[in-house]
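*Asks:* Dropping a structure here in structure tokens format, bear with me for questions.
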Amino acid sequence: MSLFEAAGLSAKAPRPLADTLRPKTLAEVVGQPNLLGPEGRLTRLVAAGEIGSLIFWGPPGTGKTTIARLLAHHVSLEFVQISAIFSGVSELKKTFEAARARREVGRGTLLFVDEIHRFNRAQQDAFLPVMEDGTITLVGATTENPSFELNAAVLSRAQVLTFHALAPDALETLLTRAEEDRGPLPLTEDGRAALIRMADGDGRAILTLAEDVYRLHRGAPLSSDALQTLLERRAPVYDKDRDGHFNLISALHKSVRGSDPDAALYYLCRMLDGGEDPLYLARRLTRMAAEDIGLADPAALPLAIAAKDTYEFLGSPEGELALAEVTIYLALAPKSNAVYAAYKAARRFVKDTPSAPPPKHILNAPTRFMREEGYGDGYAYDHNFEGGISGQAYFPKGIDPQRFYAPTARGAEATLGERLEIARRTRQTDGGTTQNSG
């Protein structure tokens, strides 16, 4: 039964190509060899005759709904589908009651919940008792990382199966099936390759795009450029509030840190193409300058700020060039996280160490009372000493001098490291007396 027939529509009603070609057996499903191959996890579960509750995690158009429906058939369960977008607590109660009635007559229920991550935590908890007592076998589908979006209690009662975007050969198989049903697509070789690229790993999308070609074009085969003009460009799969956002910004950050300007530019453009706020990218690039480059190249941070100012001044698309410039610069700059590591170490030390006043010799004494109390006594004015370092102590009395900052030998930080060692040696030689008297 197709989804249209399941919804109560006549089998003779017009149906989208994606529904017409929906697989009728698991063997007809393309892609997902990790799940449906000879040693795939779903293959083994079906062979065992009992699947248990499952969470399907993966991008759109990868077969999650179709496979759930076919699984129900293979293990002789009643297939019931709801969407977390349109269902509330009352609908869940009715669904559970119907499942209990089925169980009383010996019929199990596979409840497929599309977009399960849309249910809030309390709604997700409602599934626990009916999963626990076998009233339902839950199959939830989500495009979001289950670790972040689903309750731990639900995850502990279900296996998570990962679906992957369809590979080009799988999409080609779908196009072949479409042509067997509708006839040859009017596409040149490069036009066909462009159609596969436009689908972006989404099986439903490639059949929808193919249907648009059948519907809109009569004439000579379409080249890649002609196809894009006809269909316009399909928006990339990217949600600024979801996994796509976090995965791509992580990839951009890691590419910069790994000194790969080409990969960094690729991810920058992916995010811009997906509609990301350029100022968000400017903020993240500024963070990279401070966290991953630091004092190995002190010019990196002001350049990142300048890129942000340039974008605000020029706007899009001209201002995006400044973001590209700083991305390349940061990727090629010498790297050091010594400042970042020193800051974190100092924060930990402060949290674990009782508060102590600074030594009096480095405090100002604007009043007579403070002078009488010894504020400023013995302070050595560093500019009056050779090298501009007096060697006096600065940590509070009772706290041993700490070494939070460990500069690398890369870029400008190498010079800073030499100066730091001179300063530390001077304090070891000449310090102590002043601190002990503070």
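The values are calculated or read from the model by the stated rules, or taken from the named source; none is laboratory data. The model shown is predicted, which means the values in this text are computed figures rather than measured ones. Using ideal geometry, Cβ is built from the backbone for each residue, glycine included, and neighbour counts are taken over all protein chains shown. The area values use the complete protein model at the heavy-atom level, side chains included, leaving out ligands, DNA and RNA. Shrake-Rupley method; radii C 1.70, N 1.55, O 1.52, S 1.80 Å.
*Asks:* List, please: which pairs have Cβ atoms under 7 Å, are six or more places apart or on different chains, and start with a residue in segment 259-285 that is farther than 20 Å from G315 by Cβ and end with one that is among the basic types (K, R)?
*Replies:* Final answer for the pair search is S259/K335.
*Asks:* Taking T162 as the residue in question, decide whether it is closer than 18 Å to G203 by Cα, touching a residue at least 40 places away in the same chain (Cβ under 8 Å), open to solvent by 40 Å² or more (accessible area, probe 1.4 Å) and in contact with a His (Cβ under 9 Å, 6 or more places away or on another chain). Reasoning before the result, please.
*Replies:* Values: closer than 18 Å to G203 by Cα: yes; touching a residue at least 40 places away in the same chain (Cβ under 8 Å): yes; open to solvent by 40 Å² or more (accessible area, probe 1.4 Å): yes; in contact with a His (Cβ under 9 Å, 6 or more places away or on another chain): no.
Against the criterion (closer than 18 Å to G203 by Cα, touching a residue at least 40 places away in the same chain (Cβ under 8 Å), open to solvent by 40 Å² or more (accessible area, probe 1.4 Å) and in contact with a His (Cβ under 9 Å, 6 or more places away or on another chain)), T162 does not qualify.
*Asks:* Can you find even one residue in segment 309-319 that is under 16 Å from T408 (Cβ atoms) and β-branched (V, I, T)? Show your work before the answer.
*Replies:* Here is the first cut: in segment 309-319, the ones under 16 Å from T408 (Cβ atoms) are none.
No, the conditions are met nowhere in segment 309-319.
*Asks:* Another question, if that's okay. Give the residues of segment 295-338 that are closer than 13 Å to A282 by Cβ, among the polar types (S, T, N, Q) and part of a loop (DSSP other than H, G, I, E, B), sorted by residue number.
*Replies:* S316
*Asks:* Follow-up question, since we're still on this one. Can you name the residue in segment 373-416 that is open to solvent by less than 50 Å² (accessible area, probe 1.4 Å) and charged (D, E, K, R) and is also farthest from R348 (Cα to Cα) among such residues?
*Replies:* Among those residues, the one meeting the criterion is D382.
*Asks:* Please go through segment 92-119 and give me each residue that is open to solvent by 80 Å² or more (accessible area, probe 1.4 Å) and either within 32 Å of the chain's Cα centre (by Cα) or touching a residue at least 60 places away in the same chain (Cβ under 8 Å) (or both), ordered by number.
*Replies:* Applying the first criterion (open to solvent by 80 Å² or more (accessible area, probe 1.4 Å)) to segment 92-119 yields 93-94, 97, 100, 103-105, 107, 118.
Hit for segment 92-119 is R118, nothing else.
*Asks:* Can you tell me which residues in segment 10-65 are outside any helix (DSSP H, G or I), buried (at least 20 other Cβ atoms within 10 Å of the Cβ) and among the basic types (K, R)?
*Replies:* R22
So that you can scan it fast, the table gives a plain yes or no per residue for (1) closer than 16 Å to P407 by Cα; (2) modelled with pLDDT of 95 or more:
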residue	(1), (2)
P278	no, no
R284	no, yes
M288	no, yes
I293	yes, yes
A296	yes, yes
G315	no, no
E318	no, no
L321	no, yes
Y329	no, yes
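*Asks:* While we're looking at this one, here's another question. State which residue is surrounded by the most Cβ atoms within 10 Å (Cβ to Cβ) when the search covers only segment 167-183 and only residues that are within 13 Å of L195 (Cβ to Cβ) and of a type outside the set (V, I, T).
*Replies:* L171
*Asks:* Report, by residue number, each residue of segment 264-296 that is farther than 13 Å from N337 by Cβ, of a type in the set (D, E) and surrounded by 17 or more Cβ atoms within 10 Å (Cβ to Cβ).
*Replies:* Pass one, segment 264-296, residues farther than 13 Å from N337 by Cβ: 264-286.
Checking the rest, the ones that are also of a type in the set (D, E) come to 273, 276-277.
Of everything in segment 264-296, just one residue is farther than 13 Å from N337 by Cβ, of a type in the set (D, E) and surrounded by 17 or more Cβ atoms within 10 Å (Cβ to Cβ), namely E276.
*Asks:* Residue by residue through segment 253-263, note down the ones that are closer than 16 Å to E291 by Cα and either in contact with a Ser or Thr (Cβ under 8 Å, 6 or more places away or on another chain) or open to solvent by 20 Å² or more (accessible area, probe 1.4 Å) (or both). Write out each step before concluding.
*Replies:* Quick first cut of segment 253-263, residues closer than 16 Å to E291 by Cα only: 253-259.
The answer is K254, V256, R257, G258, S259.
*Asks:* Could you tell me whether A306 is farther than 30 Å from S390 by Cα, within 25 Å of the chain's Cα centre (by Cα), among the hydrophobic types (A, V, I, L, M, F, W, C) and at pLDDT 95 or above?
*Replies:* Numbers: farther than 30 Å from S390 by Cα: yes; within 25 Å of the chain's Cα centre (by Cα): no; among the hydrophobic types (A, V, I, L, M, F, W, C): yes; at pLDDT 95 or above: yes.
So A306 does not fit the description; no.
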